[in-house]
Amino acid sequence: MSSKSRFSIGLVGLLAAGSCRMPASAGPLTAHVVVDRGAPRIVINGAPVRARIFWGAPGSGLVHVGPEWQQIDFTFESAISTNTGTMHFRFGEGAGTVDLDNIEVADAVTGKAVIPRTEFEGGDADFTRDWTHWPEDARNTVGKIAVTPGAGVGGASGLRVTLTAPADGHWPDFHIYHLSQLVLEKGHRYRVQMQARSSASRRLTIAFYQPGAQYVYAGGPGNGYAEQVKMAAGAGVHLVSFPIPTPWPAPGETVDWSGVDSVCDATLHANPRALLIPRIGMEPPAWWKQAHPDDVMQWEDGRRDDGIPASPRYRHDAAERLSALIRHLEAKYGSSVAGYHPTGQNTGEWFYRESWERPLNGYAPADLAGWRAWLRKRYSFDSSLASAWRRPDARIETAAVPTPAERHAAPNGIFRYPETEQPLIDWALYQQDAMAECVCDFAHAARVASGGRKLVFFFFGYVFELSLFQNGPATSGHYGLRRVLSSPDIDVLCSPISYNDRGLDGTSAAMTAAESVALAGKMWLMEDDTHTYLATEPFPGMDQHVSTPEESIEELTRNVAQESLRNMGTWWMDLGASGWFQDARFWARMKQLNVLDAPMLASPRPFRPEIAAIIDPDVAPLLSPDGRKAAAGAVFYSRDSLGRVGAPYGQYLLDDLLAGKVKAKLYVLLNVWQLTPMQKDRLERVTRGATIVWIYAPGGHDAAATQPEATARLLGVRLVPLTDVSAQASPTAAGRALGLDAPFGPVESLRPLYGVRDAKEGEILARYADGSAAVTLHRRAEGAALFVGTPAMTPALLRLAAQVAGVHLYTRTDCDVFANGPYISLHATKPGPVEVNVGRAGAVIDLLTGAIVGQGPRFTLTLRRGETRVLMLK
């Protein structure tokens with residue numbers, strides 16, 4: 001949706017002070033994304049607010065134990081009332097022994113016992129009388145439990161848990177737990193005491209639950225959730241997101257909302273002004289999967305799990321449960337709910353479960369039914385299918401899912417060719433459509449159930465990030481992005497910050513064509529699950545862990561500055577649910593950064609950089625498993641180089657460029673590897689006068705090779721196919737004179753691979769090992785063209801292209817730069833002096849300190865590795 005919104009000077013003042021007060025509303029709370037002057041903003045009850053959110057999860061903190069006996073002593077306030085409570089111990093992964101002794105739980109005020117002191121002096125009966133473990137069957141491949149003399153404090157008897165690494169490497173959720181008979185009262189405080197030791201240092205999880213279809217968390221040692229919600233509120237951040245269970249009862253069972261309510265209550269207890277954005281899991285429960293086996297995903301190795309996105313039964317039943325949950329939340333918490341975030345499939349992010357691994361999914365009956373229905377809609381007639389597939393006997397009603405062997409094969413190298421592999425291309429297209437349609441169906445259910453009043457969030461569209469999947473990017477199901485962008489029921493699309501280049505000297509790139517998301521009237525949100533110095537869990541991103549508060553703050557500052565200047569949202573995510581953001585210094589910086597957020601919110605301006613990185617999601621279904629060899633450098637790692645050019649860049653979809661919506665001086669065509677004649681004509685018109693960088697194999701494909709003549713007009717050169725030649729390009733003397741200083745690109749040979757025919761010596765910037773021209777620069781009246789035959793690029797190469805294009809370079813050394821209007825962010829990807837060119841005279845102010853740091857147009861800053869500076873031109 002698009003409209004203009006005005007708000008008073010008074011509200012601007014509140015924003016500048018770091019406040020997030022919401023204006024009173026006569027009716028239910030409303031929250032939407034509104035595009036104002038090209039900039040998407042979250043508007044609540046008619047007023048724009050910072051798109052800054054805290055994400056956490058109530059739960060138990062980890063208890064560290066080692067070889068020496070440790071006294072464990074904590075109190076908790078029960079989140080629920082129950083007479084069927086249970087206490088759980090989990091031990092993490094890792095072989096060794098854990099000894100427990102003298103376990104007791106009592107009311108912290110009255111001293112009344114909940115679990116009388118258990119000393120295990122009565123032998124195994126002291127365990128089996130009140131305790132048990134899970135799994136109890138053959139699935140328990142790791143744990144043994146016994147009351148053992150000498151395993152207790154002072155050499156007495158104690159409970160010994162012996163853990164052995166599983167042969168297959170997969171640790172089950174082994175735990176011991178008290179029988180479900182504990183009585184807890186909501187709001188009462190309970191004291192837990194015991195002693196524990198471990199043969200090797202490890203972290204224990206101790207928690208109390210009410211068991212049921214969903215286990216409702218009652219309490220345990222604090223994990224910092226409430227404290228972080230309060231810290232966020234102190235920084236003016238009242239939007240809070242968190243996971244909730246999705247009640248999905250079997251027929252005849254009563255819906256239990258207690259798990260849902262307890263999380264909402266805990267959040268509002270920590271901050272009564274919190275605006276809730278619950279994350280809602282859409283995976284069906286075990287009983288549903290047992291009742292509907294045809295609608296459960298199946299892999300080529302026979303494994304089964306999760307609902308099938310293409311299954312009408314799964315979509316219907318899941319949408320029904322989603323709608324019921326939202327109606328419950330609207331009725332009970334509607335004045336405090338800002339939006340809903342349905343999640344599903346792999347890690348809740350709507351790419352096919354386990355699609356990064358080798359085994360392929362798609363072999364359940366519902367997949368076959370969905371496939372044939374899709375073919376019927378696409379081709380209508382058997383004759384059309386037979387012609388497209390070049391198989392005279394092909395029939396829609398008998399079409400089979402391509403075999404695993406066919407899908408794993410790459411007979412033509414990087415690409416699938418329609419002449420021989422159209423069924424495989426169609427299957428890849430079908431999987432994109434099925435996932436996109438599923439997302440749109442659930443978004444519509446959320447929109448209707450909330451009365452159209454609340455934000456709807458979805459993970460989707462990781463068209464840069466998923467390029468490395470070993471079976472080809474299309475196996476992810478994320479490449480039907482345009483269909484999702486066209487949905488009127490989605491306000492915010494989101495993903496984590498790219499896991500590739502997010503460390504202290506990284507650029508925190510987006511996983512998608514973020515500027516095209518904004519052009520579609522939606523907001524892109526970056527999930528900031530930075531592995532701060534407080535993080536200990538082995539989650540993605542841990543390889544770029546930082547070890548000090550100061551380094552964490554620099555990373556968080558870099559991320560927010562980029563998000564603000566690109567009109568993005570973010571949530572700071574305590575991914576480990578163990579207090580990753582439980583540091584008041586973090587929140588002081590979040591509050592301080594409102595000096596950038598507030599003016600961007602008060603005077604919206606679109607992000608329109610002079611460098612546009614162009615990606616075509618429609619190419620993904622044309623890639624074989626070998627396609628990742630080209631997509632890795634051309635798409636995934638391209639952001640590393642783009643982020644170090646020294647000038648801002650934007651990420652766009654090809655169809656937006658062809659529609660004339662993207663205006664830039666430099667277009668970097670990352671994977672524009674398949675163009676129709678009409679698209680070629682349109683591309684030539686919309687890019688006329690600009691500089692183009694063509695990566696790898698531009699144009700179109702047939703069963704043999706790229707069509708060189710068809711691309712000659714666009715490239716200004718003619719291509720020649722190469723065989724058995726390393727794809728690595730080495731700079732020539734002409735290239736080195738222009739700043740290219742090292743070989744780049746994959747060392748292996750690729751099929752196809754192209755060089756430039758009859759290039760002039762001065763135009764050749766790099767060559768392959770056989771002497772063929774790999775990189776050429778052609779200056780033409782209609783705009784310069786840089787052809788890069790290897791699927792890779794470097795900051796120096798792109799900086800050269802930017803100079804040719806007349807792009808304003810804020811620095812000429814590797815540095816992560818974003819700018820919008822008078823605001824500039826600089827993040828040092830390496831230490832040392834950086835000459836900054838702001839383009840005009842005047843004082844330059846450090847926005848976070850107020851100090852003048854230089855006089856434009858040029859001045860020098862000396863930056864530490866990973867330092868972030870946010871500047872403003874006066």
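The values are calculated or read from the model by the stated rules, or taken from the named source; none is laboratory data. Every value quoted in this text rests on a predicted model; they were computed, and no experiment measured them. Methodologically, a virtual Cβ is constructed for each residue, glycine included, from the backbone with ideal geometry; neighbour enumeration extends over all protein chains shown. Note: accessible area is taken over every heavy atom of the protein model, side chains too, but ligands, DNA and RNA are not part of it. Shrake-Rupley method; radii C 1.70, N 1.55, O 1.52, S 1.80 Å.
A compact table of results
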| read-out | value |
| --- | --- |
| Charge-dipole axis of the chain as Lys and Arg at +1 and Asp and Glu at -1 on Cβ define it, positive-most pick from Gly66, Phe381, Gly771 | Gly771 |
| Histogram of C-alpha separations across region 367-493, 10 Å bin width, % | 12, 35, 31, 16, 5, 0 |
| Positive-pole candidate from Ala577, Asn594, Met526, dipole of region 519-611, charges at beta carbon | Asn594 |
| Share of alpha-carbon pairs per 10 Å distance bin for region 744-796, given as whole % | 23, 54, 21, 2 |
| Accessible surface of Glu119 - all protein chains present, 1.4 Å probe, nearest 10 Å² | 80 |
| Ranked packing of 826-832, 649-655, most packed first, by mean Cβ within 10 Å | 649-655, 826-832 |
| Ordering of 125-132, 463-470, 510-517, 35-42 by packing [mean C-beta count within 10 Å, highest first] | 510-517, 463-470, 35-42, 125-132 |
| Ellipsoid equivalent to region 587-728 - semi-axes via the Cα gyration tensor, in Å | 34, 19, 13 |
| For Leu642, solvent-accessible area (1.4 Å; no DNA, RNA or ligand), Å² | 0 |
| Proximal aspartates and glutamates relative to Lys661, as straight alpha-carbon distance under 19 Å, when same-chain residues fewer than 8 apart are discounted | Asp36, Glu515, Glu610, Asp616, Asp618, Asp681, Glu684 |
| Principal-axis tilt of helix 795-805 within the chain, Cα atoms, nearest 10 degrees | 50 |
| Placed amide H near Asp616: partners under 5 Å, 5+ positions off or other chain | Leu654, Asn671 |
| With DNA, RNA and ligands ignored, accessible area of His444 (1.4 Å probe; Å², nearest 10) | 100 |
| Column: log10 I(q)/I(0), Debye, Cα scatterers of region 774-845, q = 0.12 Å⁻¹ | -0.44 |
| Estimated Rh, region 329-390: Kirkwood, alpha-carbon pairs, angstrom | 15.7 |
| Total charge dipole magnitude, the chain, about the Cα centre, Cβ charges on Lys, Arg, Asp, Glu only, Debye to nearest 20 | 3380 |
| ³J(HN,Hα) computed for each position of region 118-129 - Karplus, 6.51 cos²θ - 1.76 cosθ + 1.60, integer Hz, glycine/proline x | 10, 9, 6, 7, x, x, 4, 4, 5, 8, 5, 5 |
| Whole-percent carbon and sulfur share, accessible surface of region 607-744, 1.4 Å | 51 |
| DSSP bridge orientation in the chain - percent antiparallel, rounded to nearest 5 | 70 |
| Part-to-part distance (alpha-carbon centres) for region 452-475 and region 590-641, which is given in Å | 13 |
| Charge dipole of the chain about the Cα centre (unit charges at C-beta), most positive-ward option of Ala167, Gly842, Met231 | Gly842 |
| Per residue accessible area of the chain, 1.4 Å probe, in Å² | 36 |
| Only Lys, Arg (+1) and Asp, Glu (-1) charged, at Cβ; region 371-494 dipole about Cα centre in debye | 240 |
| Largest to smallest accessible area among Thr254, Thr403 [probe 1.4 Å] | Thr254, Thr403 |
| The chain, Cα convex hull volume normalised per residue, Å³ | 178 |
| Residue-by-residue Karplus 3J(HN,Hα) for region 165-180, coefficients 6.51, -1.76, 1.60, Hz, glycine and proline x | 5, x, 4, 8, x, 9, 7, x, 7, 5, 7, 10, 8, 6, 4, 6 |
| Phi-based couplings in Hz for region 181-195 (Karplus 6.51, -1.76, 1.60; Gly and Pro marked x) | 8, 7, 9, 10, 10, 4, x, 7, 9, 10, 9, 10, 9, 5, 10 |
| Listed residues Lys112, Lys629 arranged by accessible area, highest first, probe 1.4 Å | Lys112, Lys629 |
| Point-charge dipole on Cβ atoms (K/R +1, D/E -1) for region 603-683, about Cα centre, debye to 20 | 300 |
